[in-house]
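All remarks here apply to the structure that follows.
The values are calculated or read from the model by the stated rules, or taken from the named source; none is laboratory data. Since the structure is predicted, the reported quantities are computational estimates derived from the model, not experimental observations. No Cβ is skipped: glycine too gets one built from the backbone with ideal geometry, and neighbour counts run over all protein chains shown. Ligands, DNA and RNA are stripped out before the accessible areas are found, and what is left, the full protein with its side chains, is counted by its heavy atoms. Shrake-Rupley method; radii C 1.70, N 1.55, O 1.52, S 1.80 Å.
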Amino acid sequence: MSSASSSQEQSVASVVVVDYGLGNLRSVTRGLERAGADVEITDDPNAFADADGVVLPGVGAFREGVENADPLREDLLEVAADGTPLFGICLGMQMLLTTSEEGETDGDSAVQGLDLIPGTNVRFAEGQKVPHMGWNELNVERDHPLVEGVDGQYAYFVHSYYAVPDDEGATVATTDYELEFPSIIANDDGTVFGTQFHPEKSGETGLQILRNFVDICAAE
């Protein structure tokens, strides 16, 4: 192991990746480790309380994600209430909002997200290619430590729904896909935030975001 690798892999902060049955846990973990985190994949709420930061990953449908994570709902809300950084990725970001059109389109009743960033997730309009898949640009709209050094950079997306926060101020960065949608959002305190794209699949841009997250965790 080279000294550069040793320095890069030296733990800066302890991070929990929430295992609720959905998400690219291994790739997210590898990315966080490259960014300097000591990572534990777990569904143990006691580990949430002990960590410097918590990551809620996710791939798949909103309903399935919410239902899978429901046993951990109060624990995740407590993470946010305590001010521990909570980072939602892709579906994990959508679950930070209140609800989603997904499910309703299949005739199912709405399910409640975590409501940490009030708003809903809506489907791209008819006529647009769905899912939005591939590399697209990040346009930073306001200051937040998560986006340090990534304005104008490209990240990797795979999604059919996008977040519409009730408060426009929750939008940290936007991306254009025939319409401008929020690609990074955060709550008022800045301790709950999420990316619609996958930082673990987004090369150097994603690694920068993960490093920024680890720095946020280390500063708490």
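Summary table
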| quantity | calculated |
| --- | --- |
| Boolean, residue 184 is under 15 Å from residue 90 (Cβ atoms), part of a helix (DSSP H, G or I), within 11 Å of the chain's Cα centre (by Cα) and in contact (Cβ under 8 Å) with a residue 40 or more places away in the chain | no |
| Yes/no for residue 19 being out of contact with any Leu (no Cβ under 9 Å at 6 or more places or on another chain), modelled with pLDDT of 90 or more and of a type outside the set (A, V, I, L, M, F, W, C) | no |
| Failed condition for residue 123, given (1) within 20 Å of residue 61 (Cβ to Cβ); (2) open to solvent by less than 20 Å² (accessible area, probe 1.4 Å) | (2) |
| Filter result (open to solvent by 60 Å² or more (accessible area, probe 1.4 Å) and in a helix (DSSP H, G or I)) within the stretch 19-43 | 26, 30, 33, 34 |
| Qualifying residue in the stretch 115-132 (condition: touching a residue at least 60 places away in the same chain (Cβ under 8 Å) and closer than 18 Å to residue 20 by Cβ) | yes |
| Residue match in the stretch 161-178 (condition: among the hydroxyl-bearing types (Ser, Thr, Tyr) and under 21 Å from residue 80 (Cα atoms)) | yes |
| In the stretch 71-95, residue least open to solvent (accessible area, probe 1.4 Å) [restricted to those that are closer than 26 Å to residue 171 by Cβ, out of contact with any Phe, Trp or Tyr (no Cβ under 8 Å at 6 or more places or on another chain) and of a type outside the set (A, V, I, L, M)] | 92 |
| Qualifying residues in the stretch 44-70 (those that are in contact (Cβ under 8 Å) with a residue 24 or more places away in the chain and more than 24 Å from residue 159 (Cβ to Cβ)) - the one surrounded by the most Cβ atoms within 10 Å (Cβ to Cβ) | 51 |
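Residues are listed down the side, and each one gets a yes or a no for (1) among the aromatic types (Phe, Trp, Tyr); (2) open to solvent by less than 20 Å² (accessible area, probe 1.4 Å):
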{"position": "153", "(1), (2)": "no, no"}
{"position": "156", "(1), (2)": "yes, no"}
{"position": "167", "(1), (2)": "no, no"}
{"position": "172", "(1), (2)": "no, yes"}
{"position": "185", "(1), (2)": "no, yes"}
{"position": "198", "(1), (2)": "no, yes"}
{"position": "202", "(1), (2)": "no, yes"}
{"position": "209", "(1), (2)": "no, yes"}
{"position": "219", "(1), (2)": "no, no"}
